Amino acid sequence: MYGTDIAKAILEENLHSRPVMIYGDPDVDGLFSLLLACQFCDMQKVKYSYYINGKREHGFKLDPTILRGYLVIAVDFDIKQEMMEALIENDVAVVSCDHHDIQDTPIYVKGKGTAAGIVINNQYAFEPEENRYQSGAGITYEAICEMYPEFKSTEREALVGITLLSDARPLENERARRYLKTTYSADAQTGYLGYLVENVTDADYGFGVPRVDRDFVDFTLSPRINSLFRFGKEAEAINFILGRGLKNKSTKTKQADLKLAIKERASYLELKNITIIGVSADAFPDFPNVDIASFIGLVCSDIKGTGKSVLGFVYDNGVIVRASFRGQFDDVHYLTGVQSLGIHADGHSGAFGINDFEPTEQTWVDLDRLIGELNEGHSMTAQIIEASNLSFVLMQRGLQIATENCYVRDMHRIYIRYKGRNAKIMRTTYKKEPMSPEDFAAGVKPDITTKGESWRYVRDSHGNPIPKYIEYVVDGKLVKSFGVTVEEGLILPILEKGHVQLYVRENIT
């Protein structure tokens, strides 16, 4: 990669002569990138400090003047040319490893003495296309290995595989597959991976040996870590990733509750190609001391699954404090299109934040038109198999399909549309909420009473309780759903702990 020779020279000149600070990004990829940089410094027997922005802010937010005389190793966030120049002017040495969109020309600034800064980034226009899939942790790992080959290890490659999944990178290439194979086949009962599994997994009464598989990363590890950041517990997240244990295990559940509350209390503008979500920060008195704006990207990602691009924003006293965009298709470059409208967007091509956002009615019109133009000609990349007998399809190709689905993004997976008549509901649970004093005063009877607490079901506009979990037996096979019916959705075969599992997900057509 461009810049590793320059980066090594900067490190060799400054590692043992300047105080070292490792600067990470507040998400799963950024946290593992920070871990790799810490392990590198440990290998070099160098003392260091570390820092991650609060409120899930991305980018270089520290004042360059307070870092005078430091060597900064920055990982998994972009440093603009102007910021790099300001850092070098203040006698800061910088090595940056990143994978976000970047300017066409390389960023390298040489100052006085040993002050110099280099950005290593796989998104430069001149970097090979086959390496653009890589995560921030992957770029950090590969750059360090290029400079110091002794850093290479199977366990670290397994960590890179985790970040390819958590950061929704384009996985459909042989290089990504090699990393994921290392992750999926790693021993998850010992070493650092065993530590991760033990600390983030609730009591597990299921079958099979724990593995760092797709399900574990998507639904256990990533929500645990990201919920810590969203609730402002950056220090706990860093301590966890550095092997000091996970003390707070309640944030994942609180995050799920808050996400549901945001979706229920938001205002929606449904346009042809995009859904606009507006959220008032003061609409959540039941979630005190929580930065609601930190959750808007999560909500956008969740709603994107309904079939449109999504732009969500949180406003406080009439001012938008945070906005996020999630594109309908992972392989469409929405970022540059949105930027062409004069909107200050920054991040990945299909998932990014928006700064200084002051939309008008015309903004929504222009966005809807733009998204429609960008989506034109996009064809279905998922494969959908129609089956009247689920058991027959699984007997022929079940393991093959479930395995392949672990190595591709949602939009490239293989799904089954069930057309048979042998689907039986075996168990259903419903979404519920605690009874309020107003409910009791109005004579509302609880739907459930357990351990002295009364609950009522959350109901749709027709008064029917909304399912939370449905368990089917379809042609003799267990199929699990978190609210979507077999008739309305698609069945996704996926490997969990080495066994084929079946889930219903929303229809992507």
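Quick notes on this structure:
- Gain on full stretching of the segment that runs from residue 126 to residue 429 - 0.36 nm per residue minus C-alpha separation: 103.8 nm
- Cα convex hull of segment 390-509 - mean projected area over all directions, nm²: 10.1
- Structural size metrics of segment 205-333, computed from C-alpha coordinates, are Rg and Dmax of 16.4, 52 Å.
- Normalised by the number of residues in segment 237-312, the average gap of Cα pairs under 8 Å and 6 or more apart makes the relative contact order 27 percent.
- Kirkwood Rh in Å, taken over segment 312-372 so that all alpha-carbon pairs contribute: 11.9
- Selection from 398, 133, 225 lying farthest towards where the dipole of the chain points positive, charges on Cβ: 398
- The angle separating the long axis of helix 4-14 from the principal Cα axis of greatest extent in the chain is about 60 degrees.
- Cross-link partners of residue 431 among aspartates and glutamates (Cα-Cα below 15 Å; sequence separation of 8 or more within a chain): 257, 264, 447, 460, 471
- Carbon and sulfur %, accessible surface of segment 149-300 computed with the full protein complex present, 1.4 Å: 50
- Compared with the rule-of-thumb size 2.2 N^0.38 Å for a compact globular protein, segment 38-122 has a Cα radius of gyration ratio of 1.07.
- Given 55/181; 249/477; 8/112; 263/468; 254/304, the pairs whose alpha carbons are separated by over 23 Å: 55/181; 249/477
- In this calculation the C-beta distance from residue 344 to residue 105 is compared with R0 = 22 Å, giving a FRET efficiency of 0.55.
- Taking all protein chains into account, the per residue accessible area for segment 295-397 stands at 49 Å² (1.4 Å probe).
- Kirkwood radius and radius of gyration were both taken over the C-alpha atoms of the chain, and their ratio Rg/Rh is 0.97.
- Under the convention that each Lys and Arg Cβ holds +1 and each Asp and Glu Cβ holds -1, the size of the dipole of the chain around its Cα centre is about 1740 debye.
- Among 414, 450, 364 - extreme Cα towards positive end, dipole of the chain, charges at beta-carbon: 450
- DSSP-defined antiparallel bridges as percent of all bridges, segment 266-325, nearest 5: 60
- With respect to the chain, whose longest principal axis is taken over its alpha-carbon atoms, helix 28-43 is tilted by about 40°.
- Theoretical FRET efficiency, 1/(1+(r/R0)^6), r = Cβ-Cβ of residue 471 and residue 254, R0 25 Å, to 0.05: 0.45
- Accessible area per residue in Å² at 1.4 Å probe, computed on segment 111-204: 39
- Where labels lie 7 Å past Cα in the beta-carbon direction, separation of residue 148 and residue 362 in nm: 5.4
- Charge context of residue 304, other residues only, Cβ under 12 angstrom, K/R +1, D/E -1: -2
- The largest-to-smallest principal axis extents of the Cα set in segment 419-459 are 47, 21, 13 Å.
- Relative contact order (%) - criterion: Cα under 8 Å, at least six apart; region: segment 55-124: 30
- Computed magnitude of the charge dipole of segment 220-358 (debye, nearest 20; Cβ of K, R +1, Cβ of D, E -1): 600
- Electrostatic tally near residue 172: other residues with Cβ closer than 11 Å to its Cβ, Lys and Arg +1, Asp and Glu -1, net +1.
- Here's the picture: charge each Lys and Arg Cβ at +1 and each Asp and Glu Cβ at -1 in the chain, and of 343, 253, 508 the one pushed furthest to the positive end of that dipole is 253.
- Over segment 168-235: Kirkwood hydrodynamic radius from C-alpha pairwise inverse distances, Å: 13.4
- For q = 0.16, 0.20, 0.22, 0.24 Å⁻¹, Debye-computed log10 I/I(0) when each Cα of segment 1-81 counts as one equal scatterer: -0.62, -0.98, -1.18, -1.35
- Hull volume per residue, based on the alpha-carbon atoms of segment 1-150 and their convex hull, is 98 Å³.
- Once the Cα atoms are used to define both axes, helix 154-166 deviates from the longest principal axis of the chain by about 60 degrees.
- Remark: segment 326-407 is approximated by an ellipsoid whose semi-axes, taken from the C-alpha gyration tensor as √(5λ), come to 39, 14, 10 Å, largest first.
- Considering only beta bridges that DSSP places wholly inside the chain, some 60 percent are antiparallel.
- Percent RCO, i.e. relative contact order, over the chain, from Cα pairs under 8 Å lying at least 6 residues apart: 10
The values are calculated or read from the model by the stated rules, or taken from the named source; none is laboratory data. Computed from a predicted model, the values in this text were never measured in an experiment. Reconstructed Cβ throughout: ideal geometry from the backbone, glycine too, with neighbour counts over all protein chains shown. Note: accessible area is taken over every heavy atom of the protein model, side chains too, but ligands, DNA and RNA are not part of it. Shrake-Rupley method; radii C 1.70, N 1.55, O 1.52, S 1.80 Å.
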